[in-house]
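The values are calculated or read from the model by the stated rules, or taken from the named source; none is laboratory data. Since the model is a prediction, treat every value here as computed from it, not as a measurement. As a convention, Cβ positions derive from the backbone with ideal geometry for all residues, glycine included, and neighbour counts pool all protein chains shown.
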Amino acid sequence: MASLSRRRFLGMSALGSAAALGLGSITVGHAAARGSDAAPAVVIGTGYGAAVTALRLGEAGIPTVMFEMGRLWSTPASDGRMFCPMLSPDGRAMWFKHRTEAPLASLLWLDLVNRDIEPYAGVLDRVRHGDMSVYLGRGVGGGSLVNGAMAVVPRRENFAEILPTVDAGEMYRTYFPRATAHLGVNTIDPAWFQGSDAYRYARVSRAAAQKAGLRTTFVPSVYDLDYLRREENGDVPRSALAGELLYGNNHGRRSLDKTYLAEALGTGNVTIHALHEVTAIAPEPDGSYTLTVREIDPHGTTIRVAEFHTRHLFLGAGSLGTTELLLRARETGALPGLSEEIGRGWGTNGNVMVGRANHLWHPTGTLQSTMPMLGIDDWSNPTHPVFAEVVPLPVGLETWISLYLAITKNPERGHFSYDSATDSARLHWTADQAQPSIRAAKALFDRINRVNGTVYRHDLFGDTRAFESRFTYHPLGGAVLGKATDGYGRVLGHRNLYVVDGSLIPGSTGVNPFVTITALAERNVERVIAEDLAGS
Ligand code: FAE
């Protein structure tokens with residue numbers, strides 16, 4: 001434990017000083033020298049799967065280089081803040097956009113939420129693919145910089161149904177506990193929740209759900225809940241209570257740069273290169289790989305394009321990023337052995353958002369913590385399983401709105417094709433495919449509205465729809481475990497090439513996915529290091 005904290009401390013110091021000095025490369029001690037163009041192992045991306053992989057490679061003594069297309073977020077800008085506020089965003093909010101694209105498009109049909117901004121390497125991306133947009137985190141830490149911090153372990157029977165070839169016993173005995181410990185998962189004190197002004201909104205939703213006979217549950221979090229209490233007491237600067245979430249939290253959030261990535265750097269064997277995008281993968285005759293890497297400045301100008309060599313290549317660029325790299329490699333003939341399964345089995349985790357209007361005598365509060373703590377668990381429903389989280393609407397005004405992110409069981413899957421004109425992966429997903437999710441969410445919220453005499457809000461998503469299913473926070477699949485890869489993420493058709501992220505999961509986890517992605521990465525990398533890298 002002492003060496004773990006020392007490692008974490010060393011890593012966090014390295015992250016802090018690299019940012020202060022304006023360096024894009026972060027390392028502790030002698031780890032793969034800056035300027036070198038080769039390393040025994042490369043990890044693409046710095047999200048959950050990537051961070052686990054880098055830590056375990058570093059611990060095994062294997063010099064490892066990580067490439068992350070987003071920037072490092074670890075020191076304040078000239079306004080004293082690292083991340084910009086949600087209600088007055090600037091370029092730091094989004095990845096090269098001229099205007100913010102928040103999920104909640106309007107209030108009373110007015111676009112009160114979005115603002116014009118300068119294009120910059122901001123922390124949240126919205127990738128548009130026709131009828132489906134995908135929200136992603138960009139930066140050292142990937143999705144952990146912007147997500148709702150809800151750290152949910154799926155029910156065992158649900159996990160076993162989704163990934164039947166994985167030994168569930170081993171996952172629940174070893175890898176889920178390992179993942180939650182390293183991620184710093186904590187759970188709210190129910191007594192504090194009961195008395196907190198900032199969770200009035202969640203208590204109002206809980207009462208409405210319980211009146212309809214539904215079960216509610218607390219949702220574990222990787223936001224530091226001790227810090228949250230101190231925010232409410234006025235002892236520390238506010239973050240969750242200051243409306244910070246989607247564009248990053250200046251305090252309180254246990255993002256990966258404070259956990260797995262800090263530990264990985266602290267091994268002394270891991271180097272992170274921020275603002276470095278891997279654009280192509282090519283095999284060499286000796287079985288190693290050459291990557292093409294584009295380095296940019298935070299304004300998007302290309303600084304250089306260089307080649308980098310490695311023997312073991314781990315793809316942790318997220319469902320969209322990893323799938324695109326592999327699809328491009330297959331379709332351009334660079335990696336001709338890749339299977340037809342690349343690009344298949346993609347899903348939205350059944351995401352749907354919905355808002356309800358409460359009665360005037362049930363105000364939801366002007367102060368709302370951005371960190372969700374409560375879910376309505378109707379996953380046992382035989383016709384329409386739903387796990388609906390109560391999410392905040394932190395606009396600083398009384399709105400009487402209850403807002404939810406519903407996770408549903410949607411069997412529909414999308415797939416990707418390669419578009420040679422734009423050299424990118426194109427998602428094939430139609431609006432119709434979201435209908436099973438909408439039906440399930442509607443069944444649950446009709447029941448709540450009926451019993452409580454309440455109605456849907458139709459003014460939140462830019463038109464008059466009550467159910468928003470045109471975006472997902474939870475993209476999953478594209479290189480599914482046991483189909484595009486073997487049972488441990490080794491990509492079929494090419495040696496020493498691995499998928500380590502959410503692409504492995506076939507479209508659904510039934511709960512928020514990052515704990516599952518983390519635990520699966522822990523399981524897979526343990527096997528891969530033992531069998532493929534021993535003696536490297
Ligand atoms: P991910 O975290 O997406 O990391 C991929 C990284 O690779 C990113 O940093 C990319 O910038 C980088 N990258 C991509 N392409 C390249 C390239 N070519 N070269 C270099 N770098 C590249 O991957 N999940 C939960 O469990 N609980 C929640 O409360 C929750 N809330 C969410 C809220 C929002 C707004 C969002 C966007 C997501 C949320 N999620 C939540 C989903 C969760 O963050 C997501 O499943 C994980 O981050 C996915 O982890 P991966 O390791 O797959």
Exercise. Given Val146, Val153, Val166, Val134, which one is surrounded by 24 or more Cβ atoms within 10 Å (Cβ to Cβ), touching a Phe, Trp or Tyr at 6+ places or on another chain (Cβ under 9 Å), under 24 Å from Thr322 (Cβ atoms) and among the aliphatic types (A, V, I, L, M)?
Worked result: Val146
For this session: Would you check if there is a residue in the stretch 461-470 being outside any helix (DSSP H, G or I), at pLDDT below 95, under 24 Å from Leu124 (Cα atoms) and under 24 Å from the mean Cα position of the chain (by Cα)?
Result: yes
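So, Ile407, is that one in a loop (DSSP other than H, G, I, E, B) and crowded, with 24+ Cβ neighbours inside 10 Å or not?
No, not satisfied.
Quick grid of which residues meet (1) touching a strand residue (DSSP E or B) at 6+ places or on another chain (Cβ under 9 Å); (2) free of Cβ contacts under 8 Å to residues at least 60 places away in the same chain:
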residue	(1), (2)
Val391	yes, no
Glu398	no, yes
Ser420	no, no
Thr430	yes, no
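Show me the strands (runs of 3 or more DSSP E) found entirely inside the stretch 264-383 where at least 1 residues are at pLDDT 95 or above and at positive phi.
On the way: elements: 270-274, 276-283, 289-296, 302-315, 344-347, 351-357, 374-378.
Of the strands (runs of 3 or more DSSP E) lying wholly inside the stretch 264-383, those with at least 1 residues that are at pLDDT 95 or above and at positive phi span 344-347.
Condition check ((1) buried (at least 22 other Cβ atoms within 10 Å of the Cβ); (2) away from the ligand (no atom under 11 Å from the Cβ); (3) over 18 Å from Gly502 (Cα atoms); (4) among the polar types (S, T, N, Q)) across all residues:
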| position | (1), (2), (3), (4) |
| --- | --- |
| His276 | yes, no, yes, no |
| Thr279 | no, no, yes, yes |
| Ala282 | no, yes, yes, no |
| Leu325 | yes, no, no, no |
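Please find, among Leu315, Leu291, Leu335, the residue that is crowded, with 19+ Cβ neighbours inside 10 Å, within 30 Å of Ala434 (Cα to Cα) and of a type outside the set (Phe, Trp, Tyr).
On the way: Leu291 fails: within 30 Å of Ala434 (Cα to Cα); Leu335 fails: within 30 Å of Ala434 (Cα to Cα).
Among Leu315, Leu291, Leu335, only Leu315 is crowded, with 19+ Cβ neighbours inside 10 Å, within 30 Å of Ala434 (Cα to Cα) and of a type outside the set (Phe, Trp, Tyr).
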Exercise. Do you know which residues across the stretch 427-447 are loosely packed, with under 15 Cβ neighbours inside 10 Å and not in a helix (DSSP H, G or I)?
Worked result: Thr430
Seminar exercise, completed: Restricting attention to the stretch 119-175, the residues that are farther than 20 Å from Tyr488 by Cα, of a type in the set (S, T, N, Q) and more than 10 Å from the ligand (Cβ to nearest atom) number exactly 1
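Say whether the condition of being within 12 Å of the ligand (Cβ to nearest atom), closer than 30 Å to Val42 by Cβ and in contact with a Leu (Cβ under 7 Å, 6 or more places away or on another chain) is met by at least one residue in the stretch 349-362.
Taking the stretch 349-362 first, the residues within 12 Å of the ligand (Cβ to nearest atom) are 349, 351, 353.
Now drop any that are not closer than 30 Å to Val42 by Cβ, which leaves 349.
Filter once more, keeping what is in contact with a Leu (Cβ under 7 Å, 6 or more places away or on another chain): 349.
Yes, there is a match, as at least one residue in the stretch 349-362 is within 12 Å of the ligand (Cβ to nearest atom), closer than 30 Å to Val42 by Cβ and in contact with a Leu (Cβ under 7 Å, 6 or more places away or on another chain).
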Exercise. Would a scan of the stretch 69-85 turn up a residue that is of a type in the set (A, V, I, L, M), surrounded by fewer than 22 Cβ atoms within 10 Å (Cβ to Cβ) and within 12 Å of the ligand (Cβ to nearest atom)?
Worked result: no
